[in-house]
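Colleague: Below is one structure. I have some questions about it.
Bear in mind that the values in this text are calculations on the coordinates, not laboratory data. All values derive from a computational prediction rather than experimental measurement. Don't worry about glycine lacking a Cβ; one is built from the backbone with ideal geometry, like all the others, and counts go over all protein chains shown.
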Amino acid sequence: LAQLFRPLDMLGMVYRTIRQGLIDMDAMFTLVDTPAEIVDAPGAPDLRVAAGHIRFEDVHFGYEPGREILKGVDLEVKPGTMTAVVGPSGAGKSTLSRLLFRFYAPTAGRITIDGQDISSVKQASLRAALGIVPQDTVLFNDTIGYNIGYGKDGATDEEVAAAARGAAIDGFIASLPNGYDSMVGERGLKLSGGEKQRVAIARTLLKDPPILILDEATSALDSRTEAAIQETLNHVARRRTTIVIAHRLSTVVEADQIVVLDQGRIAERGTHAQLLRAGGLYAEMWTRQQSEREQEGEGAVEAAE
Ligand code: ATP
């Protein structure tokens, strides 16, 4: 009988691997337009994640020859801490996360997780260890329960409900006439930007990866939704090694480390308070965003009057 079950077990494993691949493809398409052709080295071992210690060591990279985007990035993200990457548009922030996912390989330097060069481990094991909350979440024309459960193969209803609670979208789902069976996506209920982000957070909670990448949406959410999402994300990030690609500085104040990327180089690094004191690029960006916010606030008051 065991002989009969072993092949079935194998089939189950193959199915799960393919499904995990599909889940990661979802993340991939929001990260890059064209998947890179990177293949595993023959006999590459699985990545073994103990603490989730990430290092970028003198990483250089360009999408095309003659135009270097990252020009020697040294970055350490200690286990269980949060690093925020900020900087002007086009500085190379998202490129860092694409290299970490190994959609592309550095042209020089290396990236390690718990001491293992990510270019020498199986890609599937690397991507299984990384969770991403992307800028824009793809929803399927299916139920909201399915859309959340997609984060983990074989997730039970209880697990889906727990993830929804963790992402604080359970109240919203309870308010729908069909609850978890409500159809969403193009042909169903259209979710707001904040609700879609919560679905992505719930999926990530189900996947439960040791390393988390949050690619903050550029599109503005209203400040109450933004603050609520931030609180949820902070909860998800706890105990995990987290990298936040941040567009709004208000969301990085609490980070253990902030790095300012400028034209492919790390121009500054430190905590919010240290960087404000330093009076450099970060302080300048902070002052600019604060005054933009104040103007927006005044505009909203005027509009209400
Ligand atoms: P933003 O804050 O606007 O999202 P970013 O700092 O995340 O910007 P990246 O997306 O990392 O910037 O892009 C860095 C540079 O790489 C940009 O100049 C961009 O034009 C270029 N780039 C990004 N993706 C590709 C690609 N697939 N092929 C060629 N060049 C690319």
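Colleague: For a protection proxy built on the mean count of beta-carbon atoms within 10 angstrom, sort 133-146, 50-63, 273-286 highest first, please.
Modeller: Values: 133-146: 19.2, 50-63: 17.5, 273-286: 15.0.
Order by mean packing, descending: 133-146, 50-63, 273-286.
Colleague: Let me ask another. So which GluC sites (Glu not before Pro) in region 171-277 end up in coil per DSSP with only 10 or fewer other C-beta atoms within 10 Å? Don't jump to the answer; show the numbers that get you there.
Modeller: Values: sites: Glu186, Glu195, Glu216, Glu226, Glu231, Glu254, Glu268; in loops: Glu186, Glu216, Glu254.
Those that pass, being in a loop and sparsely packed, are Glu186.
Colleague: Output the Cα-based Rg and Dmax of region 85-194 in Å, rounding Rg to one decimal and Dmax to a whole number.
Modeller: Final numbers for Rg and Dmax: 18.0, 55 Å.
Colleague: Expressed in nm to one decimal, what extension gain is obtained for the pair Arg288 and Arg238 from 0.36 nm per residue of sequence separation less their Cα-Cα distance? Write out the running numbers ahead of the final one.
Modeller: Working: separation 50, 0.36 × 50 = 18.00 nm, distance 2.96 nm.
Here the segment from Arg288 to Arg238 would lengthen by 15.0 nm.
Colleague: Quick check: from the Cα gyration tensor, does region 45-122 come out rounded (a/c under 1.5), prolate or oblate? Spell out each step's value before the answer.
Modeller: On the way: a/c = 2.23, a/b = 1.36, b/c = 1.64.
Since a/c reaches 1.5 but b/c is at least a/b, the shape of region 45-122 is classed as oblate.
Colleague: Run the numbers for Ala168 and Thr156: contour at 0.36 nm per residue of separation, minus the present Cα-Cα distance, in nm.
Modeller: Taking 0.36 nm per residue and subtracting the Cα distance, the gain is 2.5 nm.
Colleague: Then there's this: Once you order the gyration tensor axes a ≥ b ≥ c over the Cα atoms, which shape class does region 213-275 get: rounded for a/c under 1.5, otherwise prolate or oblate by comparing a/b with b/c?
Modeller: prolate
Colleague: To continue, here is another question. Taking only C-alpha pairs under 8 Å that are 6+ residues apart, what is the relative contact order of region 116-256 in percent? Could you put the intermediate results ahead of the total?
Modeller: Values: 187 pairs, mean separation 45.3, N = 141.
Rounded, it is 32 percent for region 116-256.
Colleague: Right, another one. Cα centroid distance between region 200-272 and region 88-131, in Å?
Modeller: 17 Å
Colleague: With bins 5 Å wide starting at 0, give me the P(r) of region 175-230 over every alpha carbon pair, in whole percents.
Modeller: 4, 13, 24, 22, 19, 14, 3, 0
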